Amino acid sequence: MKPRAVSVVLIIVIILGVFFSVTQVNGLSRRISGLEADYVTLQAGNDELQNSYNTLEADHVTMLGKYDSLEASYRALISDYNALDAEYRTVTAKYSGLESDYAKMRSDYDIARNQVGSLQTLINQYQSVPHSYYSSEGFYPHANTYEQLRDFLTVEFTLPRDYELNVFDCSESAAYVEWALENAGLDAEIVVGPAPGDPKTYHAWVIAHTQEFDVAIEATILTNQYDFTLINRIPGVIYVEDDLVPEWRAYYYGYDRKFQNIYSAIRDFGGITEWNWWDAI
């Protein structure tokens, strides 16, 4: 090949190489520009995301602060609640105790009021008993012996009236006999229990406590209800191993209650209307 032709070819090759290079450079430049634009866009997006992140971070910190504050408030409220609950339980327990105390005091008050009423009724009944009941001078003083008891019942004593059911029966006559014996210096008690002759009914009689031994006295025998004014018998007396009174053991051992005086009899058995012999004579 001739040198001229070679030069032309080289020039063409160079021109084509330059054109191709320029084309590539322009393409690369466009790509770079595109990448730069994308970078700018991405950078802007990143900045926006960073700002959003920073905002969220700040919000997170703020929320953490609020959470900690709320947590502290919650714990304080829990503590206050526990304190109030404990105080409530204490107050409830005290209230229950006071309620129980009140109920007991109310019950005690009602009992006391009833007792006062009962005592007032009893006092009123006691005041109905003749004044100086056991200080009467109507009987000659005796020694508390069986012989003196015999003499008193045989010679000196008599009931002031006859038997009358529910007016001057076993209880009134027994009370009168006990009163007379005590005022005569003898020791006696009223006793009550199943009637020796009829255990289905209740009965009152007297036990005299002499220095030697006890003596059962059937007060109604001393009324016109019975006639025991037999020779060699003390009026009203039920003897131990008494042939005329098969139920003599009931008189000595069959009573349920005994009363040292008229006041205990009124208090513990039937009230004053059971024993008020003074209203029947």
To the nearest µm²/s, what D does Stokes-Einstein give for the range 1-93 at 25 °C and 0.890 mPa s, using the Kirkwood radius over alpha carbon pairs as Rh? 117 µm²/s
Scaled by the rule-of-thumb 2.2 N^0.38 Å, the alpha carbon Rg for the chain gives a ratio of 3.30
With 5 Å bins from 0: P(r) over the range 129-279, alpha-carbon pairs, percent: 2, 10, 20, 25, 23, 14, 5, 1, 0
Suppose each label sits 7 Å from its Cα in the direction of the beta carbon; what would the L16-Y74 distance come out to in nanometres? 7.9 nm
Nearest 10 degrees, 0 to 90: what angle lies between the long axis of helix 170-183 and the longest principal axis of the chain (Cα atoms)? 70 degrees
Report the normalised scattering of the range 1-159 as log10 I(q)/I(0) at q = 0.11, 0.17, 0.19 Å⁻¹, calculated by the Debye formula with identical scatterers on the alpha carbons. -0.93, -1.14, -1.20
Which whole-number percent gives the relative contact order of the chain, counting Cα pairs below 8 Å spaced six or more residues apart? 15 percent
Under the Karplus curve 6.51 cos²θ - 1.76 cosθ + 1.60, θ = phi - 60°, whole-Hz ³J(HN,Hα) for the range 19-36, x wherever Gly or Pro sits: 4, 5, 5, 4, 4, 5, 4, 4, x, 5, 4, 5, 5, 4, 4, x, 5, 4
Which residue, chosen from F259, S79, H209, occupies the Cα position most advanced towards the positive end of the dipole of the chain, where the dipole is computed from +1 (Lys, Arg) and -1 (Asp, Glu) charges on Cβ about the Cα centre? S79
Under unit Cβ charges (Lys, Arg +1; Asp, Glu -1), what dipole magnitude, rounded to 20 debye, does the range 129-279 have relative to its Cα centre? 200 debye
For the range 228-281 and the range 88-146, what is the separation of their Cα centres, given in Å? 28 Å
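No value in this document is a laboratory result; all are computed from the given coordinates. As the structure is a computational prediction, the values presented were derived from the model and not from experiment. As a convention, Cβ positions derive from the backbone with ideal geometry for all residues, glycine included, and neighbour counts pool all protein chains shown.
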